[in-house]
Structure formats: structure tokens, C-alpha cells
1. What strands (runs of 3 or more DSSP E) lie completely within the range 2-71 and have 1 or more residues being modelled with pLDDT under 95?
2. Only strands (runs of 3 or more DSSP E) wholly contained in the range 216-272 count here; list those with 1 or more residues that are surrounded by 23 or more Cβ atoms within 10 Å (Cβ to Cβ) and either in contact with a strand residue (DSSP E or B) (Cβ under 6 Å, 6 or more places away or on another chain) or at pLDDT 95 or above (or both).
3. Quick one: is Glu148 touching a residue at least 60 places away in the same chain (Cβ under 8 Å) and either crowded, with 16+ Cβ neighbours inside 10 Å or farther than 17 Å from Thr180 by Cα (or both)?
4. Based on this model, can you work out whether Val181 counts as touching a residue at least 24 places away in the same chain (Cβ under 8 Å), in contact with a strand residue (DSSP E or B) (Cβ under 7 Å, 6 or more places away or on another chain) and not polar (S, T, N, Q)?
5. Tell me, yes or no, whether the range 282-300 has at least one residue that is surrounded by 17 or more Cβ atoms within 10 Å (Cβ to Cβ), hydrophobic (A, V, I, L, M, F, W, C) and touching a Phe, Trp or Tyr at 6+ places or on another chain (Cβ under 6 Å).
6. For the range 1-19, which residues satisfy the criterion of being of a type outside the set (Gly, Ala, Ser), in contact with a strand residue (DSSP E or B) (Cβ under 6 Å, 6 or more places away or on another chain) and buried (at least 20 other Cβ atoms within 10 Å of the Cβ)?
7. Filter the range 273-306 for residues that are of a type in the set (Asp, Glu) and at pLDDT 95 or above; which is farthest from Trp323 (Cα to Cα)?
Amino acid sequence: MISKDRFEKRIIVTGGAGFIGSNFLRRAVPRYRQYLFVNIDCLTYAGNLGNLKTVENDENYVFEKIDVRNDELLADCFEKYDVNAVIHLAAESHVDRSIIGPEAFIETNIRGTFNLLELARRRVHDFRFHHVSTDEVFGSIEDGLFSELSPYNPSSPYAASKASADYLVQAYHKTYRLDTVISNCSNNFGPYQFPEKLVPLTIRNALLKKEIPIYGDGGNIRDWIFVEDHCRALDLIFHGGRSGNTYNIGAGYERPNLDIVTGICRIIDRMLGDGPRERLITFVGDRPGHDRRYALDSSKIKSELGWEAVESFDQALENTVRWYLDNQEWLDDCISGEYLKYYEKNYSRRRN
């Protein structure tokens, strides 16, 4: 039984079994022993508790299987651990899925955020709410960079749902004086990313020598950031971000999707020596509302909190490819769904 009174902060991290959430917790749990981290995740297809093996038995970490849409279970969790902070990462995040079935994005990303905010405002005098958002809320930009003051112009149901959640957080700060911070980050890549996103999907297909699909002409540009750099930024914003403020997080590594894919193919060819894999690239019809370019101005977080990307893009991409090559069993388990059994084997019997 955890003694919650011994911890300076009792922080709910939503979506902590996902890609960014698990990377954040593997960093934060050993770094902040004075904090209790309560990982809540409903373990949908992209939530993998196996990502957290290195911290799952730590005294300042606990997991609760909760859907952010379930306000009753959330309320019980807030009370059980006397929660005084939230780092909200849980979200439906795959644009293609939002185009096919937008309802889940509305329910999770908007309703789920609302549920958390409602519980937080009841503890408004001793609470910090960090909402983790995306650059996609801004839409596409032809030239220049998006700042924290740029107007929102979302193109997909996913982006619209995240923009709505951002607005809710801002409103709760202004109306209820809830201590909030928002971070809008660019495209993440790194270890433990579910293989529906461009980088791990490309790696897997390249390893299997399957077709590697690219939308349109492959010229869509994203500002890429290594996930560990993002997690360092989240740490700084949570601890030092000014209440009611938004912070853009971008490494400034703008690359067209085609360059990302060809780069991965060449790295794998060099590592395995059995290419060329670029011939696997297949151009497919563009998806509806596909933004052409994202780019963030990160000068605010750099000047106020001293953050900047540490990992060079080329080295981070090489390290990411190497990780997936060294962890092909993890990759196979994601595709097969075997990782979902980890909860039943290692967690379900621990509850209560």
C-alpha cells in the first residue's frame, strides 16, 4: 500500500503507457523520487505497459487502468492518491484514424480533457495542470514559423479535437484560475513508438522488404523532434512554465516525408547490407486535408526555460533505427497484439 503523504507531489500522468508518456515516465520516475507518479491509461491498441518495465516496481510509481472518459473512476483516483498535478498526454492521435472514425477523438480528446479539468478545479488552490498538445492545431503554414500567438486552423478531426481541448484548458485558467500550462510539440520519433506512425512503420516495412507507402509526392514537411528532447521540455514546462502560458516545442529539424523514408532505408541498408530498400517506396493517393508544412518557433521556451534540442536529427534517427533493429520482438508484438497480454500477466492480479 502506497503512503501518499510522503510525496511532495502526487502527479497523474495520463496516457503513460503510450509512446511519449512511457518515455517521459522512464525519465521522471527515477529523477523525482519525492513525487508519486500515477500512470493512468486505458490500454487501447497503442498503450503498452511493457514499455515501463524499468520503473514498474519503483516505490514512487503506480499504474491504474482508467479511461479518461470515465469521470467516476477518475474521481476515485484523484481521491485515492490526493492528486495535486496532472500531466495530460492521453489522446487519440492518429490522423488517418480520425478521418475514418472521428467520434473516438471527440470523446477522448475533448470529453476526457473536460473530465480532468473538472476534477482539477475542485482542487484549484494546490494544483498544476499541464496539457500536452500538438502543432497540428495551427494547420499548415507556407512560410515562416508558428508562434504561441498564431491562430488555430485545424485541418483534421484529430487536430480539431486537440484545438478544442487547448481552448478548454485556457478557459479553465481564465474562469477558475486553475494553474495551467500548455505545450504544443512537433512530430516526435524515437523508441517505443507504435508502428502506425511514419518512422516505425517505415522501419518495419523496410525490414520485411514490404512496400513503404508515402502520401502524395512525399513533399509534406514536418518539424521533427527526438522524443527524449520533448520529454526534457515537458519536465521544464511542468516545473517552470508560467501559469496560463503556452509553449511551442520544436527542434527546427524540418524534413519532407520522402527524405525521412529514404534516410531510414539507407541507414538500414548500411546496417544490414542487403539493400537497396528505396525501391520499396510507393506513392499513394494523398489523404484528405493533408497539411503541407508545420514549423514551430521555439524561442519562448528557449529564452524562458533554457530548453533546446540536444540530439542532432541524423544521430537521433540512426539511434532510433538501431533501437528497432535491436528490439524486433517488441515490434512484432505490437503488430500481433501480444503486448496487450502484459497487463493481464503482470498487473491485473495486483489491483486492489
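1. Values: elements: 9-14, 35-41, 61-65.
In the range 2-71, no matching strands (runs of 3 or more DSSP E) lie anywhere.
2. Working: elements: 221-226, 245-249, 253-256.
Of the strands (runs of 3 or more DSSP E) lying wholly inside the range 216-272, those with at least 1 residues that are surrounded by 23 or more Cβ atoms within 10 Å (Cβ to Cβ) and either in contact with a strand residue (DSSP E or B) (Cβ under 6 Å, 6 or more places away or on another chain) or at pLDDT 95 or above (or both) span 221-226, 245-249.
3. Yes: the conditions hold for Glu148.
4. Working: touching a residue at least 24 places away in the same chain (Cβ under 8 Å): yes; in contact with a strand residue (DSSP E or B) (Cβ under 7 Å, 6 or more places away or on another chain): yes; not polar (S, T, N, Q): yes.
So Val181 fits the description; yes.
5. yes
6. Those that are of a type outside the set (Gly, Ala, Ser), in contact with a strand residue (DSSP E or B) (Cβ under 6 Å, 6 or more places away or on another chain) and buried (at least 20 other Cβ atoms within 10 Å of the Cβ): Phe7, Arg10, Ile11, Ile12, Val13, Thr14.
7. Filtering the range 273-306 for residues of a type in the set (Asp, Glu) gives 274, 278, 286, 291, 297, 304.
Going one step further and asking which of them are at pLDDT 95 or above, we end up with 278, 297, 304.
On the way: Glu278: 20, Asp297: 30, Glu304: 33 Å.
Here the residue is Glu304.
The values are calculated or read from the model by the stated rules, or taken from the named source; none is laboratory data. The model shown is predicted, which means the values in this text are computed figures rather than measured ones. Note: ideal-geometry Cβ built from the backbone for every residue, glycine included; neighbour counts use all protein chains shown.
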